[in-house]
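Undergrad: I'd like to ask you about the structure that follows.
The values are calculated or read from the model by the stated rules, or taken from the named source; none is laboratory data. Everything numeric here is computed off the predicted structure, so don't read it as measured data. All Cβ positions, glycine included, derive from the backbone under ideal geometry; neighbour counts span all protein chains shown. Each accessible area value is taken on the protein alone, full model and side chains, heavy atoms only, with ligands, DNA and RNA left out. Shrake-Rupley method; radii C 1.70, N 1.55, O 1.52, S 1.80 Å.
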Amino acid sequence: TNLTDTHAVLYNMARIRLWVLFFVVSLFDSDAQNLITDEEQAKQWLEEYNSMAEHYYYLTEEANWAYETDITPENQEAQVAASLQKDKFRKEAYDNATMFDVTSFTNQTVIRLLSKIKNIENAALSDQTKLNRLTQLLADMKQIYSTGKVKDGNRDLVFEPDLVTELATGRDYDRLQFIWEGWRGAVGPSLRDKYAEYVQLKNEAIRELGYDDVGAYWRSWYETSTFEADLEALWQEVRPMYLELHAYVRKRLAEYYGDKVDSGGPIPAHLLGNMWAQQWH
């Protein structure tokens, strides 16, 4: 039995179990057309959801891992299929979760869980063709991003270990710049149009959940209306220390690279030992 078949079996099991439970729960409501207000029934549904979600997320991550560690057309197909099956499951769960009226619930964990289950991200796209396209775009961009190569004479330098190792250990300014720019030149043009389409479809999915855009959705994770102000306050608190650290690192790099590092300007990112300048080696 292959991974896709396993997903299909588990998906059908999940649908049957969730819908059977939901049907039983609805029978206890005075009018099955009304929202369900019994908190104990919501807890029972959440337990069943959690049991099935564990299977889905495990199998999806298993397919993701297989694809990320061995990027082949077969693994990409399996990864896309797994993601779409999980999205079907999430849509079913969303439909069920929206049938509970939580206004009278007292258990904040139950309220929060139901709210989180209804944030189904890409799966919110009602147009299945668009969802298929969005899922394929993600897989295609991952393939481009992970397999980009830099032409170096007769050699093709792959991202890992070639480029990662040279950036972390190299000290030749021009060589590091060649690697930094070469990798971006290898992947950027191929990603540009796909990424623009991805952003459009991603925003469309998120708007179906009631958010203005993906940024608004991401900020909602922090569950505070003052998130941006809080972040700004935190930045102002650490800013003096960061500027001192930045100036010290810049000074040491200038001692090594000379006038290639502006003593009063930004640090050239390709000198920091990481493709995204996330860690300063």
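Undergrad: In the Gaussian network model of the chain, springs joining C-alpha atoms below 10 Å, which of Asn96, Asn132, Asn107 carries the largest mean-square fluctuation?
TA: Greatest mean-square fluctuation among the candidates belongs to Asn107.
Undergrad: How much length, in nm to one decimal, is gained on full extension between Asn154 and Val199, taken as 0.36 nm per residue of separation minus their Cα-Cα distance? Don't skip to the end; give the middle numbers.
TA: Numbers: separation 45, 0.36 × 45 = 16.20 nm, distance 3.67 nm.
So the extension gain works out to 12.5 nm.
Undergrad: Which value in Å is the Kirkwood Rh of the chain over different Cα pairs? List each step's numbers first, then the result.
TA: Details: mean 1/r = 0.0439 Å⁻¹.
Its Kirkwood hydrodynamic radius stands at 22.8 Å.
Undergrad: Can you give the local net charge around Thr72? Use residues other than it whose beta-carbon is closer than 14 angstrom to its beta-carbon, Lys and Arg +1, Asp and Glu -1.
TA: Details: positive: Lys142; negative: Glu68, Asp70, Glu74, Glu77, Asp140.
Surrounding charge for Thr72 is -4.
Undergrad: I've got another one for you. Under a crude label model (7 Å from the Cα following the beta-carbon direction), how far is Val238 from Lys116 in nanometres?
TA: Between Val238 and Lys116, the simple spin-label model gives 2.4 nm.
Undergrad: What is the helix-to-structure angle for 173-207, meaning the angle in degrees between its Cα long axis and the longest Cα principal axis of the chain, kept from 0 to 90 and rounded to the nearest 10?
TA: Helix 173-207 sits roughly 20 degrees off the main axis of the chain.
Undergrad: Could you compute how fast the stretch 224-281 diffuses translationally, taking Rh as the Kirkwood radius over C-alpha pairs and applying Stokes-Einstein at 4 °C with viscosity 1.567 mPa s? Give it in µm² per second. Display every interim value, and only then the final one.
TA: Working: Rh = 13.1 Å.
Reported coefficient: 99 µm²/s.
Undergrad: Suppose only helical runs count, i.e. DSSP H with n ≥ 4. What mean residue ellipticity at 222 nm does that imply for the chain under -39500 (n - 2.57) per run, divided by all residues and rounded to the nearest 500 deg cm²/dmol? Walk me through the numbers on the way to the answer.
TA: Numbers: 9 runs with 191 residues, N = 281.
Estimated from H runs of four or more residues: -23500 deg cm²/dmol.
Undergrad: Check the straight Cα-Cα distances from Lys116 and name the aspartates and glutamates below 16 Å, setting aside those fewer than 8 residues away within the same chain.
TA: The qualifying aspartates and glutamates are Glu47, Glu48, Glu54, Asp87, Glu92, Asp95, Asp101, Glu208, Glu223.
Undergrad: Still on this structure, I have one more. Report, largest value first, the span of the C-alpha coordinates of the stretch 60-118 along each principal axis, in whole Å.
TA: The Cα atoms of the stretch 60-118 stretch 51, 18, 9 Å along the principal axes, largest first.
Undergrad: Given the C-alpha centroids of the stretch 175-209 and the stretch 86-117, what is the distance between them in whole angstrom?
TA: Comparing the Cα centres of the stretch 175-209 and the stretch 86-117, I get a distance of 33 Å.
Undergrad: Here's another thing I want to ask about it. Excluding residues fewer than 8 places away in the same chain, name every one of the lysines whose C-alpha is closer than 19 Å to that of Lys251.
TA: Straight-distance partners of Lys251: Lys260.
Undergrad: Just to be sure I understand: with springs between alpha-carbon atoms less than 10 Å apart, which residue in Glu62, Glu74, Glu92 has the highest mean-square fluctuation in the Gaussian network model of the chain?
TA: Ranking Glu62, Glu74, Glu92 by mean-square fluctuation puts Glu74 first.
Undergrad: Next up: Determine the order of Asp193, Asp140, Asp156, Asp87 by accessible area, beginning with the largest, at a probe radius of 1.4 Å. Mind dumping the intermediate values first?
TA: Values: Asp193 120, Asp140 30, Asp156 80, Asp87 10 Å².
Heavy-atom accessible area, descending, gives Asp193, Asp156, Asp140, Asp87.
Undergrad: Let me see the pair-distance distribution of the stretch 66-173: every alpha carbon pair, 10 Å bin width, integer percents in order.
TA: P(r) for the stretch 66-173, in whole percents per bin: 12, 27, 22, 19, 13, 6, 1.
Undergrad: How about the stretch 213-281: which GluC sites (Glu not before Pro) there lie in a loop by DSSP and see at most 15 other Cβ atoms within 10 Å? Walk me through the intermediate numbers first.
TA: Values: sites: Glu223, Glu228, Glu232, Glu237, Glu244, Glu255; in loops: Glu223.
Listed in order of number, the matching sites are Glu223.
Undergrad: Sequence-distant or interchain residues sharing an amide H contact under 5 Å with Ile36, placed H: which?
TA: HN-HN under 5 Å from Ile36: Phe100, Asp101.
Undergrad: Moving to a separate point now. Taking only the Cα atoms of the stretch 116-201, how large is their convex hull per residue, in Å³?
TA: Details: hull volume 11.1 nm³, N = 86.
Output value, Cα hull per residue: 129 Å³.
Undergrad: Ok, one more. Please report the accessible area of Asp127 (heavy atoms, 1.4 Å probe, ligands and nucleic acids excluded) in Å², nearest 10.
TA: 60 Å²
Undergrad: With springs only between Cα atoms under 10 Å, which of Ala123, Ala196, Ala229 fluctuates most in a Gaussian network model of the chain?
TA: Judging by the Gaussian network model, the answer is Ala229.
Undergrad: Rg (Å, one decimal) plus Dmax (Å, integer) for the alpha carbons of the stretch 154-281?
TA: Expressed in Å, the Cα Rg and Dmax of the stretch 154-281 come to 19.5, 55.
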